[in-house]
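Heads up: the structure comes next, in structure tokens.
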Amino acid sequence: MYRAAKQFSLLAIVVSLAVVLVACDRTKGGGDGKGSAVAATVNDKKIMLTEVDKILEQQAKSQQVQFSDMSQLELAAGRLQVLDELVRREVLYQRAEKENLLPKDDEVAQVINEQKQQLGTKEAFENALKESGQTEEAVRDVARRQLAIQKLLDRTSAKIEPPTDKEVEDFYNNNKARYVSQRGVGLAAIVVDPADNGATNDAKSDIEAKNKIDIIHQRLKSNADFATVARAESEDPQSVQRGGDVGFFTEEQLKQSGFPQDLIKQFFGEMQVGGFTAPIQTSGRWTIFKLTDKRLQSENLTLDNPDVRKDATDNILNQRKQILNAAMLEVAMREARITNHLAQDMLNSSTALSSLRPAGSRPAAATPASSPAAGASASPAASPASGSGAAATPANGGAKPPASNTNAANSSK
């Protein structure tokens, strides 16, 4: 019912955690002008402006915004926000280094190898790197720093005492809406995409995709294990990693995802748990869905349910971890020697904002706008804690299944 998020994923390392990337040489600027500008120093460790801009550009790209199109105010706000996060991460990393908590090479290698295995093939891993604009060396550096920070946070949170029964009961009573088993269905999926995506046995045309999904369907009808086939043949990364499992969904969530009414009716009607659909084509991709769970009525869960008690306990522990981690970050920040040159330059120069605009960008906006970095970097309390024992979440909080907009097929067992 509840699932804990994986501590690391490749995309999280090369995209979501791009703000911890410190792959640039901070002792060299690479030339005069903007390239040699130091944005900040943390105990004499330089953070270059080029590094800040690289991350800001990645964040803009993830939101389909051109870096060169950002206004003066968007760029300034984005730079300050990214730099603030980089400073925090550098402070934590240096503290971990000071306390001899740096990971060993084999620990870093294990993280990278796990991501390669989860993506299925070497080609898929390389494609993920290419899409994020990173090298494997840069990803290793990110993983090394994140592991070091994680070790520091884990040691801080190790002193936390488990909650009492009374505290667990109080949490449950104050969050009863959280513990409702909604009417819905659990689904797994095997996806075949005619696009060239580097997957194992990759179908690269509409004809190849149709042939591949038909063969898979025949294997399932011959009692092949769905999870095993999904890991070996599916061309969707989530499906590969989780043996086809895409989560638990209410009827309303399925409608919002674009599932046709007759397919939804099939899931909630005659189709039995363990059954699977015939191939269904959606947006050019072919999908076979398996029904892994079915709840026809919503039901309030009690503390007698071990999953409920564990979820309440985990949430209390994670709240305490976040508070301790925030306190530890505050102390570390106060003890570090930090100089924010970027912010100081903005205050000292009346032309600082206009001089920060990238070459070729559009004129400054008349009013401030939200930068692509907004919301991308966490607050001091949340950011360090995010990797420290992620709170378990309801299964229906998982990723949505692929949207379906064409013919629904009959189920078979």
Study note, to complete from the structure: Within the stretch 159-183, residues part of a loop (DSSP other than H, G, I, E, B) and modelled with pLDDT of 90 or more come out as I160, E161, P162, P163, T164, N175, Y179, R183
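In contact with a helix residue (DSSP H, G or I) (Cβ under 9 Å, 6 or more places away or on another chain), at pLDDT 90 or above and surrounded by fewer than 17 Cβ atoms within 10 Å (Cβ to Cβ): is that true of E85 in this structure?
no
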Point to revise | Q81 being under 23 Å from K151 (Cα atoms) and either assigned to a helix (DSSP H, G or I) or not assigned by TED's automatic domain parsing to the domain that holds Q146 (or both) | key: no
Check your understanding: Hey, among the residues in the stretch 132-164 that are among the β-branched types (V, I, T) and closer than 29 Å to R95 by Cβ, which one's surrounded by the fewest Cβ atoms within 10 Å (Cβ to Cβ)?
Key -> T135
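Kindly indicate whether R26 is at pLDDT below 95 and either surrounded by fewer than 20 Cβ atoms within 10 Å (Cβ to Cβ) or outside any helix (DSSP H, G or I) (or both).
Against the criterion (at pLDDT below 95 and either surrounded by fewer than 20 Cβ atoms within 10 Å (Cβ to Cβ) or outside any helix (DSSP H, G or I) (or both)), R26 qualifies.
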Practice item. For the stretch 130-143, indicate whether the set of residues that are in contact (Cβ under 8 Å) with a residue 40 or more places away in the chain and touching a Lys or Arg at 6+ places or on another chain (Cβ under 6 Å) is non-empty. Key: no
Review point. Picking from E167, E123, E114, which residue would you name as being in contact (Cβ under 8 Å) with a residue 60 or more places away in the chain, surrounded by fewer than 18 Cβ atoms within 10 Å (Cβ to Cβ) and in contact with a Gly (Cβ under 6 Å, 6 or more places away or on another chain)?
Key: E123
Practice item. Please work out if G274 is within 21 Å of V246 (Cα to Cα), assigned by TED's automatic domain parsing to the domain that holds E208 and without any contact (Cβ under 8 Å) to a residue 40 or more places away in the chain. Key: no
Review point. Out of the stretch 133-189, which residues are within 23 Å of P306 (Cα to Cα) and hydroxyl-bearing (S, T, Y)?
Key: T164, Y172, Y179, S181
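For (1) surrounded by 15 or more Cβ atoms within 10 Å (Cβ to Cβ); (2) out of contact with any Leu (no Cβ under 8 Å at 6 or more places or on another chain); (3) of a type in the set (A, V, I, L, M), each residue gets a yes or a no:
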site	(1), (2), (3)
V240	yes, no, yes
T250	yes, yes, no
Q253	yes, yes, no
F259	yes, yes, no
K265	no, yes, no
G269	no, yes, no
G274	no, no, no
L296	no, yes, yes
Point to revise | Single residue of V273, V308 found to be part of a loop (DSSP other than H, G, I, E, B), touching a strand residue (DSSP E or B) at 6+ places or on another chain (Cβ under 9 Å) and among the aliphatic types (A, V, I, L, M) | key: V273
Review point. Residues in the stretch 184-209 that are in contact with a strand residue (DSSP E or B) (Cβ under 8 Å, 6 or more places away or on another chain) and part of a loop (DSSP other than H, G, I, E, B): how many?
Key: 3
Exercise for review: Mind counting the residues in the stretch 95-108 that are surrounded by fewer than 17 Cβ atoms within 10 Å (Cβ to Cβ), in a helix (DSSP H, G or I) and touching a residue at least 24 places away in the same chain (Cβ under 8 Å)?
Suggested key: 2
Review point. Within the set of pairs 6 or more residues apart or between chains, which connect a residue that is touching a residue at least 60 places away in the same chain (Cβ under 8 Å) and farther than 18 Å from V38 by Cβ inside the stretch 64-84 to a residue that is crowded, with 20+ Cβ neighbours inside 10 Å and of a type in the set (D, E) with Cβ atoms less than 6 Å apart?
Key: F67/E57
Study note, to complete from the structure: Given the conditions (1) in a helix (DSSP H, G or I); (2) modelled with pLDDT of 85 or more; (3) of a type in the set (K, R), every one holds for K130 apart from (2)
Review point. At positive phi, polar (S, T, N, Q) and out of contact with any helix residue (DSSP H, G or I) (no Cβ under 7 Å at 6 or more places or on another chain), is that true of S283?
Key: yes
Point to revise | Single residue of the stretch 188-212 satisfying the filter (farther than 24 Å from D225 by Cα and either more than 24 Å from the chain's Cα centre (by Cα) or of a type in the set (S, T, Y) (or both)) that is modelled with the lowest pLDDT | key: K204
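The values are calculated or read from the model by the stated rules, or taken from the named source; none is laboratory data. All values reported here derive from a predicted model rather than from experimental measurement. All Cβ positions, even for glycine, are placed from backbone atoms using ideal geometry, and neighbour counts span all protein chains on display.
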